[in-house]
1. Here are the criteria: (1) under 17 Å from residue 113 (Cα atoms); (2) among the aliphatic types (A, V, I, L, M); (3) within 19 Å of the chain's Cα centre (by Cα). Tell me which single one residue 33 does not satisfy.
2. State which residue pairs qualify: first residue of a type in the set (S, T, N, Q) and inside the stretch 6-21, second residue assigned to a strand (DSSP E or B) and surrounded by fewer than 16 Cβ atoms within 10 Å (Cβ to Cβ) in any location, beta carbons under 9 Å apart, and separation of 6 or more residues or different chains.
3. Test of understanding: among 66, 57, which residue is closer than 30 Å to residue 122 by Cα and surrounded by fewer than 19 Cβ atoms within 10 Å (Cβ to Cβ)?
4. If you take the residues of the stretch 95-116 that are part of a loop (DSSP other than H, G, I, E, B) and in contact (Cβ under 8 Å) with a residue 24 or more places away in the chain, which of them is farthest from the chain's Cα centre (by Cα)?
5. Among the candidates 12, 92, single out the residue that is of a type in the set (A, V, I, L, M, F, W, C), surrounded by fewer than 17 Cβ atoms within 10 Å (Cβ to Cβ), more than 14 Å from residue 106 (Cβ to Cβ) and at pLDDT below 90.
6. State yes or no: is residue 116 among the small types (Gly, Ala, Ser) and modelled with pLDDT of 75 or more?
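The values are calculated or read from the model by the stated rules, or taken from the named source; none is laboratory data. Just so you know, these numbers come straight off a predicted model, no measurement behind them. Please note: Cβ atoms are built from the backbone with ideal geometry, for glycine as well, and neighbour counts cover all protein chains shown.
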Amino acid sequence: MENIFVGIDISLSFTAAIKANNQFQVKEFKNDLTGCRELLEWLKKEEKNEYYFCMEATGRYSLLLATFLYDQGHYVSVVNPVQIKYFMKSQLTRNKTDAVDAKMIAQFSELLTPISWQPEPVEVTQLRALINRLDIIEKLILQEKNRFRRSATPGCNQFDSEGVGAFNRTNQSIKERDQSPCRRAHFSERKNCLVKNHSWIGRENGSKDNSFYRRYKAIYPSQTNYRLCGIESPTEAIR
């Protein structure tokens with residue numbers, strides 16, 4: 001059994017490259033479940049081998065394929081695109097096409113064998129989506145309120161007010177889902193692990209000074225990341 005490294009350049013579609021018999025084989029697939037299945041069917045044409053998949057972290061574009069391959073029991077690595085960028089520079093690669101990128105990712109994986117990836121817990125994925133949606137809704141509410149203040153058209157204020165009210169109701173609904181008991185239990189456990197591993201978080205006598213805030217903000221730079229750890233704000237961690 002031979003170890004085969006599969007490099008994948010991924011966006012709206014994805015291009016996979018494997019090296020067999022000292023030659024690269026490259027093929028493009030749709031970035032959907034059908035394309036994911038076709039990738040595995042394509043690889044089955046080779047002899048029984050152990051496959052190592054590697055791709056760049058491209059957010060929602062890479063999540064579907066990475067999760068699919070992980071669920072199928074394959075070794076999957078999702079790496080920082082900057083790593084691939086500088087690896088390509090070290091190899092003096094000047095041409096940049098999907099096929100070339102996929103080949104370079106395969107070589108990167110073969111030489112460095114990056115660590116395996118595993119999906120986030122469902123609670124984290126759901127909360128991340130809820131928080132992103134909440135941020136969008138809050139921006140829309142602010143925009144509508146600003147339009148409402150500037151509106152001088154008679155008879156339109158009622159509709160402006162109704163629009164803001166609808167956004168506020170959606171906003172409240174998302175916050176209520178965010179506070180569901182099972183989700184809060186999951187993140188309470190995660191926060192306890194965080195406190196245990198970082199003694200300066202959660203201290204009863206912790207000082208609420210700027211040095212603490214800077215250290216905490218360096219690790220969790222956004223409100224989204226505070227809440228993913230079950231912490232609403234930096235000050236909650238030192239209560």
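1. Checking residue 33 against (1) under 17 Å from residue 113 (Cα atoms); (2) among the aliphatic types (A, V, I, L, M); (3) within 19 Å of the chain's Cα centre (by Cα), the one that fails is (1).
2. Qualifying pairs under 9 Å: 13/28; 13/30; 15/27; 15/28.
3. 57
4. So the first thing to find is which residues in the stretch 95-116 are part of a loop (DSSP other than H, G, I, E, B), and the list is 95-97, 113-116.
Those left that are additionally in contact (Cβ under 8 Å) with a residue 24 or more places away in the chain: 113-116.
Working: 113: 21, 114: 18, 115: 17, 116: 15 Å.
Of everything passing the filter in the stretch 95-116, 113 is farthest from the chain's Cα centre (by Cα).
5. The match here is 92.
6. Taking the combined requirement at face value, the residue satisfies it.
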